[in-house]
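For reference, the structure discussed in these notes is given below.
Here, each number is a calculation from the coordinates, and none is a lab measurement. Computed from a prediction, not measured in an experiment: that's the story for all the values here. Don't worry about glycine lacking a Cβ; one is built from the backbone with ideal geometry, like all the others, and counts go over all protein chains shown.
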Amino acid sequence: MVAAGFQNVFKIPELKRRVLYTLGLLAVYRIGVHVPTPGIDSVALASFFERAQGSLLGLFNMFAGGALERLSVFALGIMPYISASIILQLLTVVIPHLERLSKEGEQGRKKITQYTRYGTVVLSIIQGFGISVGLESMTAPGGAPVVIQAGWGFRLLTVITLTAGTAFIMWLGEQITERGIGNGISLIIFAGIVAGMPTAIGNTFQLLSTGEMNVFAVLILLVLMVGVVAFIVFVEQGQRRIPVQYAKRVVGRRMYGGQSTHLPLKINMSGVIPPIFASSIIMFPATLANFINVPWMQSIANAMMPGNLFYELLFVVFIFFFCYFYTAVTFNPVDVAENMKKHGGYIPGIRPGKRTADYIDRVLTRITLGGAIYVSAVCVLPSILISNFNVPFYFGGTALLIVVGVAIDTVAQIESHMLTRHYEGFLKKSGGNRLKGRR
């Protein structure tokens, strides 16, 4: 049935065009990852990054799709854009002007997007300058300098190159969202993580052949990853269904309503946003600290190493914060309760209006707690794997959550396009369990 579903994708001209457009832009992104920034000794830089596996730089490199270890034009990745988005969403809560813009529909959204772009450029300039200064003091294990000719010329060129690269990735993501299929920014991160899988698998087999990892450890790792994927899929599809009853209404000579339905609340309402936002917040100062050779900055970099108690606690705190914050931004119980009341809907045993909003908010708060615990538990898995199983790559809970979550959302969007045109989706109708994307 899955093969037939993919065949149906290319029978719909619009969907075929969207899928091919998305694949084409992702291919452009992957080509750009291999275009180096001028003035860098690539061999010396690669030797330096061999020591960074399992560190925060390794995590940043994973999100950048391997662009950081090559210091390509896309070395900063999409993280400055995500950081700017976080800042704008936080400011929307405290600045009345931004709050008004967020409620003005399409025009307001365009204005906020424009501010986000400006913020992305500013953050890229800051990060690009910090990285360029840090690169000048970096040397490979053999003592070879990473920068061929240090100076302000190199710094300015690096800042311009990396900022332009991030702006181009931002444009690619927006084009995929608008004209392709799925969320462009999430798909770019998804493509970067998936592109590192063959190398990670090759490194694992190399360690297996040299005896640094035994077969039993690899089997445990494989079973654990399959189990985590199954667990993620199970929880991502989990819902708390609140029963909703609609009263009968007589309009003219016809009677409407009277049916029973439900309000589905996902366990993980915020999806993959919390770990991405949390990683972005932590990586922004910590990445600069890794490149700047100042004692107190190096202390910050060491404290931010994945596996350290401080890093893990900070990561979990940010995940909890963004789980609740993003859920509050995207789902308003008061609006839901008002819409239900306007259409004659009510929750059995709960009075319409404020009581209904309070009830939905209470249920949402409880399931968001469970969702935050689930996301935190999955995302700290990489540190456990790296420290206990000597895993030669940074791939685990955070990456798996992003890969599985983005895949579910993208397949759900493709399936919705197919079903609206009366084509069979990826799953049988009789199965009763269609893949549900996030709303």
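Less than 17 Å apart at the alpha-carbon level, and either on another chain or at least 8 residues along: which aspartates and glutamates does that give for Lys110?
Within the straight-line cut-off, Lys110 pairs with Glu99, Glu174, Glu178.
Residues with beta-carbon under 13 Å from that of Ala64, excluding Ala64: net charge, scoring Lys, Arg +1 and Asp, Glu -1?
Its environment carries a net charge of +1.
How far, in nm, would the chain grow between Val334 and Arg241 when pulled straight, counting 0.36 nm per residue and subtracting the alpha carbon separation?
Contour length minus Cα-Cα distance gives 31.7 nm.
How many angstrom separate the Cα center of the range 94-170 from the Cα center of the range 11-28?
With the range 94-170 and the range 11-28 each reduced to a Cα centre, they are spaced 29 Å.
Test of understanding: what is the full-extension gain from Ala27 to Phe10, defined as 0.36 nm times their sequence separation minus their Cα-Cα distance?
Answer, rounded to one decimal: 4.2 nm.
Would you mind computing Rg(Cα) / (2.2 N^0.38 Å) for the range 129-223, counting N as its residues?
Relative to the rule-of-thumb radius for its length, the range 129-223 sits at 1.60.
With a Förster radius of 41 Å, plug the Cβ-Cβ distance of Phe234 and Val122 into 1/(1 + (r/R0)^6) and report the FRET value to the nearest 0.05.
Computed FRET efficiency for Phe234 and Val122 comes out at 0.50.
Decide, for the range 171-249, between rounded, prolate and oblate: order the square roots of the alpha carbon gyration tensor eigenvalues as a ≥ b ≥ c, take rounded if a/c falls under 1.5, and otherwise choose prolate if a/b is larger than b/c, else oblate.
Judged from the Cα gyration tensor, the range 171-249 comes out oblate (a/c at least 1.5, b/c at or above a/b).
Distance check, please: which entries in Lys16/Lys341; Lys103/Lys341; Lys16/Lys111; Lys266/Lys341 exceed 29 angstrom between their Cα atoms? Walk me through the intermediate numbers first.
On the way: Lys16/Lys341 41 Å; Lys103/Lys341 21 Å; Lys16/Lys111 31 Å; Lys266/Lys341 22 Å.
Over 29 Å apart, Cα to Cα: Lys16/Lys341; Lys16/Lys111.
Could you tell me the calculated FRET efficiency between Gln107 and Lys342, based on Cβ-Cβ distance and R0 = 35 angstrom, to the nearest 0.05?
Values: r = 25 Å, r/R0 = 0.72.
That pair, Gln107 with Lys342, gives E of 0.90.
Hey, with R₀ at 45 Å, roughly what FRET efficiency would Val226 and Thr177 work out to, going by the Cβ-Cβ distance, to 0.05?
0.90
Any chance you could run the full-extension gain for Ile95 through Arg362? It's 0.36 nm times the residue separation minus the Cα-Cα distance, nm to one decimal. Before the final figure, lay out each step's value.
Working: separation 267, 0.36 × 267 = 96.12 nm, distance 2.68 nm.
That pair, Ile95 and Arg362, stretches by 93.4 nm at full extension.
What is the local net charge at Gly180, summed over the other residues whose Cβ is closer than 14 Å to its Cβ (Lys, Arg +1; Asp, Glu -1)?
0
Return Ser280, Ser137 ranked ascending by Cβ neighbour count within 10 Å, so the fewest neighbours appear first.
Ser137, Ser280
Rounded to whole Å and sorted largest first, list the principal axis extents of the Cα atoms in the range 182-225.
41, 19, 9 Å, listed from the longest principal axis down.
Report the net charge of residues surrounding Pro352, where surrounding means a beta-carbon distance below 11 angstrom and charges are Lys +1, Arg +1, Asp -1, Glu -1.
After counting each charged neighbour, the total is +4.
In nanometres, what is the gap between the two model label sites at Arg351 and Thr420, each 7 Å from Cα along Cα-to-Cβ?
Here the modelled spin labels are 4.1 nm apart.
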